[in-house]
Structures are given as C-alpha cells and as structure tokens.
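The values are calculated or read from the model by the stated rules, or taken from the named source; none is laboratory data. All values reported here derive from a predicted model rather than from experimental measurement. In this analysis, Cβ positions are derived from the backbone assuming ideal geometry, glycine residues included, and neighbour counts consider all displayed protein chains. Ligands, DNA and RNA are stripped out before the accessible areas are found, and what is left, the full protein with its side chains, is counted by its heavy atoms. Shrake-Rupley method; radii C 1.70, N 1.55, O 1.52, S 1.80 Å.
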Amino acid sequence: MRIAAPLTPSSEDQAWLRQQATSAVAPRRLAERCQIILQAAAGQTNEQIAKALGITRQKVARWRGRFLQSGRTGLENDAPGRGRKPAYGAEMRALIVDRTLRSRPPQATHWSVRSLAKALDLSFSTVARVWRAHGLKPHLVRTFKVSNDPRFAEKLEDVIGLYLNAPEHALVLCCDEKSQVQALDRTQPGLPLKKGRAGTMTHDYVRHGTTTLFAALNVADGTLIGQCQDRHRHQEWLKFLQLIEAQTPADRDLHLILDNYATHKHPRVQKWLAKHPRFHLHFTPTSASWLNMVERFFRDLTVNRLRRGAFHSVPELVTALEQYIAQHNKEPKPFIWTAKATDILAKVARARKKLAQKLTSR
C-alpha cells in the first residue's frame, strides 16, 4: 500500500486554507480542495478524506500532490487543458463580433441576442457569451455633441482656469436657468414604500403650470443663489443679476460663467453691466453646457426633488424649490473640477477626426 507524503502547511497557509474552506463566496471546488489539505494535514488518510467528503481517493491524492508541488497556486488554478471545451472556434466568435459591429438586422436598428442567434443558427447563450467576453452591448447608446465653436479652446481654457485657479478677492459663480420646470400632479395618490415593495406613482399626470429657476452656484463653497420667475427673458435675467449684486460682498469682483443664450447678451443687459464693472462674464463654448458646474446642481435637484414629486400648483412648486435651495445652503458641498483642458482638447480632436471620417465615408 502506497503511503501518502505527509503535509505540514505553514501557519499562514493554514489560516488561508481555513478561510477558503468556510467562505460563503469562494468557489465550491476551491473550498473542497482546501478541506482536503486541512484533513490531510490533520493526519487522515486518503481513504478517510474521500469517505468524509464523498469523493474518490484518486481525487484526494491528486490535490494533495498539487499542494505539495505548487502550494496555494496549485489549488487555485486548474491544470492546462482542463474544463469544458468551447463548442465553436475562433472563426465563429470572430463572425459573431463582425456581424454585431458591421451589420444590422432587417427592420431594426441593432441586434439582440436572440435575433443574431437566429440569423447565425446558434444558441442565444453562445452569442451572449461572446458579447460578454468582448464587452459588446448593442442595446445601449450614449448621446454626445461635439462643439463646433471656432473659439472652443479659448473659452474652454478660460472657464477651466477659473475653476482651477480663481482670481484673488473675487467670486466665481456658475449661472444658468432651469426653464419650464413643470408643476406636475399625479392623477391618483401612490402607495408608500414598504418592506418588500417599492413605492408607486401613476404614469400619467396633470400640468398646473411652469416656473423658471435662475441659479448661481458659488464654485468655492458650493452655496447657491436662486430665484424663481415666471419667464426667462432679459428682464428676468436683469432681476437675477440685481439679486446677485445684493447677496454678494460689495468689495469682491464677480466672474459669472454662462452659456450663449441670447438673453445673457441683450443690449439692456450690456448697458447694466457697463454700470457695474465688478461683473465679468465668461461664456462656455456652444454645445458645451457640461462645462457649467451649475448643471450638476440641476441634475441633483431633478433626481432628489422634482422627478418623483407631486405639486398641486406653481406656488407649491416654487416653495419646494426654495426649501431645497435653503437646505442645500445649510450644508453646501462644492463640486471639484478635475479634468485638464489639455485632456479635453485631445478628446475633442479625436472625436472631430472620427466625425470627419464618418462624413467622408457617406
């Protein structure tokens, strides 16, 4: 009778073996292999271990030998060539990828797992495995817009310069309007959140009017100056500028980051600014609203207060917006800009090159 070689794992190895053998997240086969080694280290024979774990004696001997030869690595990795072989070779996988990327199904904009599997006479699980291995997700699409502003680089560097290196004795304010904020009421009351069930709300709604939120986000400390008005013409923009004038220290210059909306450049606005020289306007490039950090506040406002809210009137909506801003200003948290202008310009250059190639290939 052949005597198995004795096992004497180090204390570190024993701790790792016990952890893997009892772990709820470790693969089952790894837990079983660790149990084999632990019982072998306790002096049990291959026959005793096999009977205790319900496996064959040959399997016990194999993993004892692997541990003696390679330690932990021998238990974690299967031998080369082991495991189920792919049903289809590299040519079929390449064909699936090629059809996914370079073709479309009839009367559809993109392939699904099942439509491509039917077209290639394969199982949908085979297509799904290939898509997963290559990171292909035809059902997803992301929107984009590359700015064609001829002064894009100049405006970009100007705005990011204010974010990263604000002028001394000055405030940098990101300003914009969230227009047409609707006072939406649900047609029926929803059920509240409870254990085992999400809250509910009706899919339809009743409109009770709109308001426009003017907002100025202080880049330094995250506080916000806000004002709700019925419309968003140059008259309302002038009222908001006057509010900024009243709520900021008189000895500070004000650098306002704005988009290219015509209201911001109205002759009456220009005339008012000429009389208030501490206001300095900085415009983002066209089609680049993502550069204005107040848009990030608008996103939070929409998700946290508006999207699932129910408002019976415009005054109720205005009150909700004012309360949200007041609560935000109690514990403000500034957004930190980290992207470098050079990185953005390089990315835009790549995008323009790709777009040019697409246009010429049409």
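Looking only at region 39-51, decide whether some residue is open to solvent by 60 Å² or more (accessible area, probe 1.4 Å), over 16 Å from THR8 (Cα atoms) and not charged (D, E, K, R). Yes, region 39-51 contains a residue that is open to solvent by 60 Å² or more (accessible area, probe 1.4 Å), over 16 Å from THR8 (Cα atoms) and not charged (D, E, K, R).
For region 13-33, the count of residues that are in contact with a Lys or Arg (Cβ under 6 Å, 6 or more places away or on another chain) and hydrophobic (A, V, I, L, M, F, W, C) is zero. Residue-level analysis places GLN323 outside the set of residues that are at pLDDT below 90, part of a helix (DSSP H, G or I) and more than 22 Å from GLY190 (Cα to Cα).
Within region 103-122, the set of residues being in contact (Cβ under 8 Å) with a residue 12 or more places away in the chain and open to solvent by less than 60 Å² (accessible area, probe 1.4 Å) comprises PRO105, TRP111, SER112, VAL113, LEU116, ALA119, LEU120, LEU122. Residues in region 224-240 that are touching a helix residue (DSSP H, G or I) at 6+ places or on another chain (Cβ under 7 Å), open to solvent by less than 40 Å² (accessible area, probe 1.4 Å) and within 18 Å of ILE325 (Cα to Cα): LEU224, ILE225, GLY226, CYS228, GLN229. Among the residues making up region 77-100, those that are modelled with pLDDT of 85 or more and either surrounded by 10 or more Cβ atoms within 10 Å (Cβ to Cβ) or among the basic types (Lys, Arg) (or both) are MET92, ARG93, ALA94, LEU95, ILE96, VAL97, ASP98, ARG99, THR100. When LEU162, LEU191, LEU140, LEU173 are screened for being modelled with pLDDT of 90 or more and surrounded by fewer than 18 Cβ atoms within 10 Å (Cβ to Cβ), only LEU140 passes.
Table: residues versus (1) among the small types (Gly, Ala, Ser); (2) in contact (Cβ under 8 Å) with a residue 60 or more places away in the chain; (3) closer than 19 Å to ASN77 by Cβ.
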| site | (1), (2), (3) |
| --- | --- |
| ARG18 | no, no, no |
| ALA21 | yes, no, yes |
| ALA24 | yes, no, no |
| PRO27 | no, no, yes |
| CYS34 | no, no, yes |
| ALA52 | yes, no, no |
| ARG57 | no, no, no |
| ALA61 | yes, no, yes |
| ARG64 | no, yes, yes |
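ALA133 fulfils the conditions (1) of a type in the set (A, V, I, L, M); (2) surrounded by fewer than 17 Cβ atoms within 10 Å (Cβ to Cβ); (3) within 30 Å of SER287 (Cα to Cα) except for a single criterion, (3).
For region 264-288, taking the residues that are crowded, with 17+ Cβ neighbours inside 10 Å and out of contact with any strand residue (DSSP E or B) (no Cβ under 7 Å at 6 or more places or on another chain), the one that is nearest to THR212 (Cα to Cα) is identified as VAL269.
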